[in-house]
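Asks: Structure in structure tokens, see below.
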Amino acid sequence: MMSKDMKALIERQLSRRQILQYSVGSLFVAALPASIAETKVSKQFKQAMTHLFGFKSVAVSNLLDHVIVPEGYRAEVLYRWGDPISDGPQFKMDGSNTAMEQLQQAGMHHDAIQFYPLPRGGEHSDHGLLVMNHEYIDAQILHADGGVFDSPETYNLEKTLKEQYAHGVSVIEVKKIGDDWQIIRPSSYARRLTAVTPMQVSGPVARTKYIQTQADPIGEQILGTFNNCSNGMTPWGTYLSCEENFNDYFDVPTLSHLTNKQQQAFERYHIKHSYYGWHNNDERFDASIHPNEPNRFGWIIEFDPYQPSNTPIKRTALGRFAHENVAHNIGEDGRIAFYSGDDSQFEYVYKFITKYAWDGTQGMHHGRLLDEGILYVARFEDEGHGEWLPLVFGSNGLTQENGFEDQADVLVHARRAANKLGATPMDRPEWISVHPNSNDVYISMTNNSKRGQDNKPDSDTANPRNNNKFGHIIKIIEQDATSILFDWNVFSLAGSEQFQGTIQGDLYANPDGLMIDKRGVLWLQTDISSSKLNSGEYAQFGNNQMLAVDPFTGETRRFLTGPNGCEITGVVMTPDLKTMWVNIQHPGEMEQLPNSQGREKSAQTPNATSNWPDHQPDGRPRSATVIISKDDGGIIGS
Ligand code: FEO
Ligand code: CA
Ligand code: CA
């Protein structure tokens, strides 16, 4: 029986969709003579644009080491790497904070962010919790004298622990006092999850042989989470964090102890070399000794930010791969779809559909909906149609004859199962966002330089450019969140017209972050890699940026540009849309810039290319959360 809350929520969604269908339909008035229809259409397009955007584009940033926003807007730094989460230790500008101090401070390299109003269940826009991921670390900036590669002789357990504690998730309490947002210190909500925080496991993989280790012979408790890239929020008010490039943390010095199946799985998941060196001081990251340890990462984790002592849970029914992000959509019968991309070249787009309906109420106990259901993977067919293919053991070739032992095996090796089903290999699926007033699903494909090269897959209708340098955005049109068949089209090809780009307005390359707000503005964030930023054919795009896009007209305006060497990732707004938080990740990552006078970033010169946001002479660049507000107190983007 559907609850009253659920019924009301679905009715609200339906009426919004009907309004939208009416207004979209009216844009294409087929019965009118062409010229009149054209005039009507362009007039209504203009109205739509006026309605959505009221700001003037900012210019491309040519190596400005600042955050730039449009006239009439302010950008203020709130929460930098190393800032205390509560009343803990202050940041030391020389990078000399200890591991134990880092445990009580903001992690490094902020990624996706969510806002949870206080009290729970309300729509307050002046008090709440900010919850964000800290994706990875830059050892040359984190430590006073560098990490394992530039200072191997000083790389010790203390450094490994500091790196592990700089990963994970932050929860901070924020409140608007007068016109200013402040972090509440101390706060009983303040919390850090790190690479060693104990977590439970649920779903079909819990307590199976694939995740059992010497330290956890049953397979029910995993230490930590890392490479938390983007995130998601459940409709019942909990936080979802995505484990992306977990493979980069494991080292495999020898294959001799591994079975053939393990070796094949390591190859499919690119588990070979550690970029961080943790295995030198923490044996569980040596995958030749602990081959099941990598199977304990690459999941989506859930926790309740309103309960500081709540144990996070790894939800294995959603599959194991390089989860970029997760976005949900509620079906008309109350079942929920969770979309997630696997950000690697030629990997796939997935959708999990819950078995049971949600009743519309709040609370972590609803998380069990994530334990039962079916994981599907997308096949994009020509002519704009597509199908979600089920990853179910025993069907469609996912059988013992083909090397799959059970459903846990299918989920742990989801990439292999998706291969078997004939899913469509994509150009690095990054964020996914569902339009709040329809079932349109937007997915950014950030780039794929290997498309069409050597023996790699050639371009196809869903990935239409070989050597895809600039990326594109796909739109999936679902009848309902729970539909198995879908329609799709290419929403935009990034890059300039010279490279067959189709952007209508300000140019960008390498779309990554996507968030559609309640008004229907698609906020798009870019991640041109630091090796390409401001050079060659990427120079025209300048520093990484955030743009506002009208999903119906395609109109695109540049709203924000970031400091040198950063990527822009993570954006969330208060329910009244008057405050926006944006994360600036890895400023100063560029090796060398024209304005760095030949200095290369190193442990000795961490600020060679960026010194944002503090700009102190002996300082270092710091990833940070920035608050955006409008001088007149209005809605962001208006
Ligand atoms: Fe962590 Fe795919 O970005
Ligand atoms: Ca990303
Ligand atoms: Ca990226």
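Asks: In a strand (DSSP E or B) and either over 19 Å from GLU244 (Cβ atoms) or touching a Leu at 6+ places or on another chain (Cβ under 6 Å) (or both) - does that describe any residue in the range 202-210?
Replies: yes
Asks: Filter the range 624-638 down to the residues that are part of a loop (DSSP other than H, G, I, E, B) and out of contact with any helix residue (DSSP H, G or I) (no Cβ under 9 Å at 6 or more places or on another chain) and list them by number.
Replies: Answer for the range 624-638, where residues must be part of a loop (DSSP other than H, G, I, E, B) and out of contact with any helix residue (DSSP H, G or I) (no Cβ under 9 Å at 6 or more places or on another chain): ASP631, ASP632, GLY633, GLY634, ILE635, ILE636.
Asks: Read through the list (1) out of contact with any helix residue (DSSP H, G or I) (no Cβ under 8 Å at 6 or more places or on another chain); (2) within 16 Å of ligand 2 (Cβ to nearest atom), then give the number of the only condition that HIS366 fails.
Replies: Among (1) out of contact with any helix residue (DSSP H, G or I) (no Cβ under 8 Å at 6 or more places or on another chain); (2) within 16 Å of ligand 2 (Cβ to nearest atom), the lone unmet condition for HIS366 is (2).
Asks: For the range 336-345, what are the residues that are crowded, with 24+ Cβ neighbours inside 10 Å, assigned to a strand (DSSP E or B) and within 16 Å of ligand 3 (Cβ to nearest atom)?
Replies: SER340, GLY341, ASP342
Asks: How many residues are assigned to a strand (DSSP E or B), closer than 21 Å to TRP299 by Cβ and under 21 Å from the mean Cα position of the chain (by Cα) when one looks only at the range 346-371?
Replies: 6
One line per residue, one yes/no per condition, for (1) within 25 Å of the chain's Cα centre (by Cα); (2) crowded, with 24+ Cβ neighbours inside 10 Å:
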{"residue": "ILE528", "(1), (2)": "yes, yes"}
{"residue": "THR579", "(1), (2)": "yes, no"}
{"residue": "GLN585", "(1), (2)": "yes, yes"}
{"residue": "GLN592", "(1), (2)": "no, no"}
{"residue": "SER602", "(1), (2)": "no, no"}
{"residue": "ILE627", "(1), (2)": "yes, no"}
{"residue": "ASP632", "(1), (2)": "no, no"}
{"residue": "ILE636", "(1), (2)": "yes, yes"}
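Asks: Looking only at residues that are among the charged types (D, E, K, R) and either without any contact (Cβ under 8 Å) to a residue 24 or more places away in the chain or in contact with a Gly (Cβ under 9 Å, 6 or more places away or on another chain) (or both) in the range 317-335, which one is nearest to ligand 3 (Cβ to nearest atom)?
Replies: Top of the filtered list is GLU324.
Asks: Restricting to the range 494-512, what's the tally of residues that are more than 16 Å from ligand 1 (Cβ to nearest atom) and of a type outside the set (Ser, Thr, Tyr)?
Replies: Number of matching residues: 11.
Asks: Do you know which residues across the range 484-503 are at pLDDT 95 or above and of a type in the set (Asp, Glu)?
Replies: ASP487, the sole residue that qualifies.
Yes/no per residue for (1) more than 28 Å from VAL392 (Cα to Cα); (2) at pLDDT 95 or above; (3) among the β-branched types (Val, Ile, Thr):
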position: ILE177; (1), (2), (3): yes, yes, yes
position: ARG192; (1), (2), (3): yes, yes, no
position: SER202; (1), (2), (3): no, yes, no
position: LYS209; (1), (2), (3): no, yes, no
position: ALA215; (1), (2), (3): yes, yes, no
position: ASN247; (1), (2), (3): no, yes, no
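Asks: Further question: For the range 586-601, give me the residue count where each residue is within 16 Å of ligand 3 (Cβ to nearest atom) and touching a Phe, Trp or Tyr at 6+ places or on another chain (Cβ under 9 Å).
Replies: Total satisfying the criteria: 2.
Asks: To continue, here is another question. Between GLY471, GLY452, GLY422, which is within 16 Å of ligand 2 (Cβ to nearest atom) and in contact with a strand residue (DSSP E or B) (Cβ under 9 Å, 6 or more places away or on another chain)?
Replies: Exactly one of GLY471, GLY452, GLY422 is within 16 Å of ligand 2 (Cβ to nearest atom) and in contact with a strand residue (DSSP E or B) (Cβ under 9 Å, 6 or more places away or on another chain), namely GLY471.
Asks: Are any of the residues in the range 266-282 hydrophobic (A, V, I, L, M, F, W, C) and surrounded by fewer than 21 Cβ atoms within 10 Å (Cβ to Cβ)?
Replies: yes
Asks: For PRO606, all conditions in the list (1) in a loop (DSSP other than H, G, I, E, B); (2) farther than 30 Å from GLN114 by Cα hold save one; what is the number of the exception?
Replies: (2)
Asks: A follow-up question, please. Checking the conditions here, which among LEU533, LEU577, LEU593 is under 25 Å from ILE141 (Cβ atoms) and more than 16 Å from ligand 2 (Cβ to nearest atom)?
Replies: Exactly one of LEU533, LEU577, LEU593 is under 25 Å from ILE141 (Cβ atoms) and more than 16 Å from ligand 2 (Cβ to nearest atom), namely LEU593.
The values are calculated or read from the model by the stated rules, or taken from the named source; none is laboratory data. Keep in mind that what you see is a predicted model, and the values were worked out from it rather than measured. Positions of Cβ are backbone-derived with ideal geometry, glycine not excepted, and every protein chain shown enters the neighbour counts.
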